[in-house]
Every structure is written in structure tokens, then in C-alpha cells.
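The values are calculated or read from the model by the stated rules, or taken from the named source; none is laboratory data. Everything numeric in this text was worked out from a predicted model, so none of it was measured. Cβ placement follows ideal geometry from the backbone for every residue including glycine, while neighbour counts extend to all protein chains displayed. Note: accessible area is taken over every heavy atom of the protein model, side chains too, but ligands, DNA and RNA are not part of it. Shrake-Rupley method; radii C 1.70, N 1.55, O 1.52, S 1.80 Å.
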Amino acid sequence: MKKFIAVLLALSVLFCSTVAFAALPETDGTQASNYFQSYGMTISAIGSGRLYLTFSCTAVGVASQLGVANYMVQKKNSAGQWVDISGQLSGSTKYNTTSHSFSKTFYGVAGETYRVKCTFLCVKNNSSETKSYTSGKKKAT
Amino acid sequence: MSNDSNKILDRLFNHHDTELMPNELRQLLDAELAKPEDEMDTQLISDIIDLLDIEPPTPAEKKADWSAIEKKYRRKRRLPRVLRSIAITAASIVAVFLISLTSAKAFNWTFLLKFLLPVAQTFGIISSDYTVDDGQETEYRFEDAMDTQEVDFTSLDELPSQFAAAVVESDCVPDGYGFVQGNWYKSFNLEKCNMLFEKADQWFVIEMMEFTDDTDPTTDFEFERQVDVPLTIEINGVEVTLYYNSDDSGISVSWLQGNTHFNLLGTLDEEELTYIIGTLHSYLQ
């Protein structure tokens with residue numbers, strides 16, 4: 001019994017380690033996603049220190065759940081470092097859709113430079129993929 | 001006789017599984033002999049002396065008694081050993097299952113996930129409900145933008161955007177493809193529309209994004225299907241960036257027309273691709 005269990009566990013570890021090499025495609029460093037077709041953000045400065053944030057993502061086919069799991073806003077300080085100012089905030093997702101977008105107005109301070117970090121989520125066929133994303137910077141006016 | 005003596009006698013003669021040890025008997029005897037003469041229970045003393053005179057067990061008797069004890073002990077142990085084997089086997093199966101599940105999720109082995117995920121969800125190992133994280137409160141103010149519109153559509157009868165209408169009216173969809181589902185979104189700085197078409201086991205999605213803010217917004221989109229070095233080619237006068245995915249999952253094509261970015265993704269052949277782009281481009285000019 002003990003020998004059988006030991007052999008079973010050893011085989012499962014061996015199986016997991018060998019197939020891993022076969023799973024990596026030969027690419028130029030990028031890897032295709034079976035979940036996301038595209039994802040990203042558009043940030044506009046709309047005056048009075050406000051930023052207009054639009055999040056958008058498109059799935060490959062129809063996703064059972066699609067959108068942004070969470071996001072946070074960072075500000076560039078005087079030392080040139082990005083610091084989190086908002087904490088992690090809840091995003092927005094939609095069910096049974098090919099694409100989902102939503103927009104937020106952020107009340108910042110004019111003259112400060114901000115960027116957004118978020119996690120896009122796509123659920124298909126009972127499995128999911130997330131993508132971490134960092135936007136470009138935008139100065140509030 | 002006193003009540004205590006009666007109880008002792010009852011134990012001595014009627015309860016054979018609770019026999020007193022010799023030192024206990026001697027203690028009883030000493031206690032009885034220490035009493036005044038008129039309070040002594042002579043019968044009890046006599047019985048105790050008789051018991052103390054009993055011969056110790058012979059080796060054969062000892063062996064028989066020890067075997068009886070061992071048999072009883074082994075009978076009790078037999079059951080836990082079976083349970084222990086079952087527990088070890090169950091733990092091994094769970095360990096193999098968890099290793100396989102985490103490996104399958106890490107490397108996205110869909111052939112394995114199809115079987116493992118439903119089981120994991122049944123036993124609550126993985127939640128089948130992907131909920132958005134609970135946000136924390138912040139001193140900075142965020143508001144939902146109120147000037148947005150989003151429409152999911154499954155019919156070509158009521159199209160929410162000019163782009164969707166253009167796809168239909170331009171007749172750029174190759175023969176045999178049927179419309180499945182579309183999504184249209186409009187906000188201050190982005191208008192986006194995508195439409196999914198299918199034909200048997202073939203499919204394609206055509207998507208348009210127009211960046212509607214003239215104040216130089218920061219825009220950054222990742223197109224995840226592009227795995228190979230792109231080619232820039234011309235299709236019917238339109239310069240397009242073409243990506244042939246190395247995992248045979250289809251073609252991804254992007255091109256710009258004015259402020260609008262177009263993306264076409266799917267299992268299209270070159271003839272269908274050329275037809276869609278050329279027809280749509282001509283119509284939108």
C-alpha cells in the first residue's frame with residue numbers, strides 16, 4: 001500500500017514537470033491568450049484636476065464574465081516615484097458578453113501626474129485568465 | 001454486618017470481573033483487625049484469609065490469560081488499521097488531484113481543466129463565482145461617468161451604432177457567416193463596437209475603436225492575439241498590420257482609418273480577409 005501511494009505521487013509530480021516544457025509555444029516572447037482579444041484604457045484630462053478614465057476589454061468569443069476585477073490610481077511624487085493614492089478599488093464586470101467597458105471620473109489635483117494599474121478578468125468555460133495592466137501617465141489639468 | 005462489609009462481600013463473590021488485588025485484600029484485613037473486638041466481622045476476616053491463601057496462577061494459566069488479553073487487544077486494533085489505510089489512500093488521491101489542478105490552471109491545460117474544475121467547484125476548492133474584489137474606501141473621489149452608453153445586441157434589426165450599420169450595409173461579411181452577438185460602448189473619450197460572426201466551426205470578430213477626445217488622451221491597448229512578428233501589407237489600397245498566429249488559432253489584423261482603429265480576429269482565410277477589409281474600407285470612405 002505504501003509503495004503504491006509513493007509510486008502514484010511520484011508519477012503525478014513527474015507528469016506535471018515533463019508536460020510543462022511542451023506547453024510553452026515558440027514565440028518572440030509574447031504569448032497568445034485564448035481569453036482576451038484586447039484590453040486597455042483611455043485617460044483624458046477634463047479640467048479642475050479631474051481625469052476621465054475609460055476601461056475596456058474584448059474577449060475571444062463570448063465570455064461568461066468579463067471586465068476589471070480591481071484597479072488603483074498612482075501619483076508621481078517629487079522624487080519621480082509612483083505611489084498608490086487610492087488603494088485597491090472594485091472594478092466592473094459583465095456576464096455573457098463579448099466586450100465590456102466602463103468609465104470613471106477621478107477627482108485629482110491639477111498639475112499632478114497620475115496613472116492607473118488594474119487587473120482585467122475573463123472567464124470562459126469555467127476557467128479564467130487575468131491580465132495585470134499599467135496605463136500610461138496623464139497630467140491632470 | 002455493616003453495609004460496607006456487605007458491599008465488599010458482594011464484590012468479592014458476585015462480581016468476578018472486579019476482583020480485589022492481594023494488597024487491597026490485606027488492607028481490608030488490616031482495617032478489620034484494627035477495629036475493637038466487638039465490632040470485628042469475623043466472617044469477613046475468614047473470607048479474606050481464604051482468598052489470600054489462593055495459589056498464584058500457574059504458567060499455563062498465565063499464558064492462557066495473556067492470550068485472552070492479546071486477542072482482545074488485537075480485535076480492537078484491527079479496525080483502526082483499516083481506517084488508517086482508507087485515510088492514507090484518500091489523502092493521496094486528494095494530493096494528486098490538487099497537484100494536477102494547480103498545474104492545469106498554471107499552464108492552462110484546457111483538456112484537463114474540463115474534468116478537474118467541475119469537481120473542484122463541487123467541493124468548494126474553487127469558487128465558481130468570480131466576484132469583483134471589494135474595494136476599500138479612499139479619500140480621493142471617484143464617480144461613475146454618467147455620459148456613457150453600453151448596449152449588447154444579438155440581432156441585426158436594431159443596431160446601436162453607425163459602425164454596426166456599416167458592417168451590415170457594406171455587405172462585407174463573407175457568405176455563410178451568421179451574426180451571433182455584439183457590444184457597443186460610447187463614452188467621452190472612446191466609442192467601441194464589436195461583432196461576432198460564426199459559420200460552422202469558423203468565426204471572426206470585427207471591432208472598431210474610435211478615440212473621440214481631441215485633447216490628446218493617454219491611450220494604451222494590448223492586443224493579446226498577436227504572437228508573431230507582424231507584416232505590413234496593402235489590401236485593396238488599405239495598409240494593414242497582419243499577424244499570423246503561430247498556434248494556428250487564426251489571423252489577427254489591425255488597421256487605422258482616420259481616428260478609428262479596426263481589428264479583425266478569427267479563423268479567416270486570406271480571401272475572406274481581403275474581402276472584408278476591402279469592402280468595409282470602400283464603404284467607410
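Couple of notes before you dig in:
- Test result for residue A:122, in a strand (DSSP E or B) and touching a Leu at 6+ places or on another chain (Cβ under 6 Å): yes
- Residues that are closer than 26 Å to residue B:214 by Cβ and within 7 Å of chain B (Cβ to nearest Cβ) do not occur anywhere in the range A:115-132.
- When A:92, A:44 are checked against the criterion of being assigned to a strand (DSSP E or B) and surrounded by fewer than 23 Cβ atoms within 10 Å (Cβ to Cβ), A:92 stands alone in meeting it.
- Set A:104, A:139: member being more than 7 Å from chain B (Cβ to nearest Cβ) and either modelled with pLDDT under 95 or more than 24 Å from residue B:264 (Cα to Cα) (or both): A:139
- Residue A:99 facing chain B (nearest Cβ under 7 Å), outside any strand (DSSP E or B) and either out of contact with any Gly (no Cβ under 7 Å at 6 or more places or on another chain) or surrounded by 15 or more Cβ atoms within 10 Å (Cβ to Cβ) (or both): no
- Residue satisfying all of: in the range B:254-285; among the small types (Gly, Ala, Ser) and more than 41 Å from the chain's Cα centre (by Cα); nearest to residue B:169 (Cα to Cα) among these: B:282
- Filter pass, residue A:62 being open to solvent by 10 Å² or more (accessible area, probe 1.4 Å) and either more than 9 Å from chain B (Cβ to nearest Cβ) or touching a strand residue (DSSP E or B) at 6+ places or on another chain (Cβ under 9 Å) (or both): yes
- Positions within the range B:54-100 being open to solvent by 70 Å² or more (accessible area, probe 1.4 Å) and modelled with pLDDT under 75, in sequence order: B:54, B:55, B:56, B:72, B:73, B:74, B:75, B:76, B:77, B:78, B:79
- Residue list for the range B:158-184, filter: β-branched (Val, Ile, Thr) and either at pLDDT 90 or above or open to solvent by 20 Å² or more (accessible area, probe 1.4 Å) (or both): B:168, B:173, B:180
- Qualifying residue in the range A:40-60 (condition: out of contact with any Gly (no Cβ under 6 Å at 6 or more places or on another chain) and at pLDDT below 75): no
- For the range B:185-227, a residue qualifies if it is in contact with a Phe, Trp or Tyr (Cβ under 6 Å, 6 or more places away or on another chain), closer than 18 Å to residue A:61 by Cα and open to solvent by 30 Å² or more (accessible area, probe 1.4 Å), and the qualifying residues are B:199, B:222, B:226.
- Residues satisfying the stated conditions in the range B:155-200, i.e. over 18 Å from residue A:99 (Cβ atoms) and assigned to a strand (DSSP E or B): B:178, B:199
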